Every structure is written in structure tokens, then in C-alpha cells.
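Undergrad: I am attaching a structure below and will ask some questions about it afterwards.
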Amino acid sequence: MVEVSADGIARMFAAAIRRDPTRPLLTWYDDATGERTELSGATLDNWVAKTANLLVDGAGLGEGDRAGVLLPPHWQTAAVLLGCWAAGVEVTAEQQPVDVLFAAEGRIAEAAGWSAGDRYALSLHPLALPMRDVPAGWQDYTVAVRAYGDVFAAYPRGASDWHPADPFGLVPGDRVLIDAGRHPDPRDWLLVPLAAGASIVLCGNLDRAKLADRIASEQVTRDLS
């Protein structure tokens, strides 16, 4: 997982939303299931705020605490990561003692070896549907997070002094298509586009036979497939 400035990312995300809260900020495709989920800046911000409130009000965490994140590129992963950074919580994907752990349903067995406080499982189902069977000792993230407010009062404001290096040369207004399989690092599929003022079309299990039509229909300006 990338080493970042949590406060800087929170400010950067807030700036990305301010540009136009109504425009699509993150569009997720899973070509294995046919899912397409589009989130405006305002909608993603709601999920981020709920996650930050879950961490602060629900788990009592904050600056200096650590979250383990065992999740693939996905729109729900974006909410978890940005929510952690908004709350000042550090993020790691390397096994170590953590204060809270988020894991995809398919990585629950791997996560059993982690020393963690609260544990949240994500099924990554379309439409954020609840899990059918929640493993013992875990909570369903999509159920738990909905109980929290969609405004995070402690959200950092003002300009960010942290910016990730951009290897792609993105510019404000770009609509960038990203192959999640080729770019699994959240610096590439999430942070660099947000910092550049771009919107994201994130594709899991990308079917290249659909690529040309998707680039046209989504008005993609940069193809990182």
C-alpha cells in the first residue's frame, strides 16, 4: 500500500469534489458480472464520510491509528481508503497489528492471521448488497457503514500540500479509463487521477472486446488499459 499524507489526501479529495459535486467522479465496471456503478463526487463523498464516521465514532480511531486493507481496486475500496485518510488513519496492506481491518470476502482466510481490532468484510456485490453469511468475528461493512452520518465534521479543509507523482500526464477534466488488473496500486487508479482533476472509469476483469465502445460511451480522453 502506498505511503501517503492522510491529511493531504483528504484535502485533495475535498478539492476534487468542489470542482463539480454532480459530475461522475468514479465509474466502476466489472466485466465478469456486467456491473456498472457510477458515483458522482457528492455520492462518493457520502460513502467516504460514512466510513470516516464509522472509524471515529464507531471504532474510536483517529490520527496515528492503523487500518489493514485487503481489497482490490473497486469503488467500495475507494470509499474505505479515502474514509481512512479523512479520519487520519494510516493504511497498510502488509500483515502487522492493526486497529481495524477491512477485507474482501475472498480474503477472509488470509485475514485470519492478522492481529486486529474491529474487522469489516466486504462482499463487493453489485449495488453494495449485504453479505448472505457474515463470518464469525466480522461485521458486514456495507451494513455497518449505513448507520453513520454522511457528513464528516472533522474533514480537513484548505489546499493540499501533498500531490502524488503523475506518470500518466493527466490534466484537469480528463476522463481516464483504467484497467484495474494492470494498475492495482491505489496511487495509480485513485490518487493520481483525483489530484489531476480527472474522473475515473475503473474496469475490473476488463473485456477488451468492449473497450472501443466503452471509450466512446464514457467519453474517455485517456486510456490506461
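Undergrad: What are the residues in region 181-225 that are assigned to a loop (DSSP other than H, G, I, E, B) and within 16 Å of Ala79 (Cα to Cα), if any? Break it down stepwise before answering.
TA: Here is the first cut: in region 181-225, the ones assigned to a loop (DSSP other than H, G, I, E, B) are 181-185, 197-198, 205-207, 218-221, 225.
Listed by number, the residues that qualify are Pro184, Asp185.
Undergrad: Sticking with this one: Counting only residues that are open to solvent by less than 40 Å² (accessible area, probe 1.4 Å) and touching a strand residue (DSSP E or B) at 6+ places or on another chain (Cβ under 7 Å), give me the helices (runs of 4 or more DSSP H) lying completely in region 6-92 with at least 3 of them. So that I can check it myself, show each step before the final result.
TA: Working: elements: 6-19, 41-53, 75-86.
Passing ranges, in order: 75-86.
Undergrad: Does region 115-134 hold any residues that are part of a loop (DSSP other than H, G, I, E, B), farther than 20 Å from Ala93 by Cβ and either open to solvent by less than 40 Å² (accessible area, probe 1.4 Å) or of a type in the set (Ser, Thr, Tyr) (or both), and which are they?
TA: Taking region 115-134 as the starting set, the residues that turn out to be part of a loop (DSSP other than H, G, I, E, B) are 115, 123-125, 129-134.
With the extra rule that they be farther than 20 Å from Ala93 by Cβ, the set shrinks to 125, 129-134.
Hit for region 115-134 is Met131, nothing else.
Undergrad: Additional query: Can you name every residue in region 93-107 that is surrounded by fewer than 16 Cβ atoms within 10 Å (Cβ to Cβ), part of a helix (DSSP H, G or I) and not basic (Lys, Arg)?
TA: Taking region 93-107 first, the residues surrounded by fewer than 16 Cβ atoms within 10 Å (Cβ to Cβ) are 93-97, 106-107.
Within this subset, residues satisfying the condition of being part of a helix (DSSP H, G or I) are 106-107.
Selection gives Gly106 alone.
Undergrad: If only one of Pro126, Pro130, Pro97, Pro72 is under 13 Å from the mean Cα position of the chain (by Cα), of a type outside the set (A, V, I, L, M, F, W, C) and over 20 Å from Met12 (Cα atoms), which one is it? Write out each step before concluding.
TA: Numbers: Pro126 fails: under 13 Å from the mean Cα position of the chain (by Cα); Pro130 fails: under 13 Å from the mean Cα position of the chain (by Cα); Pro97 fails: under 13 Å from the mean Cα position of the chain (by Cα).
Answer to the check: Pro72.
The values are calculated or read from the model by the stated rules, or taken from the named source; none is laboratory data. Computed from a predicted structure; not experimentally measured. Note that each Cβ is placed from the backbone with ideal geometry, even for glycine, and that neighbours are counted across all protein chains shown. Ligands, DNA and RNA are stripped out before the accessible areas are found, and what is left, the full protein with its side chains, is counted by its heavy atoms. Shrake-Rupley method; radii C 1.70, N 1.55, O 1.52, S 1.80 Å.
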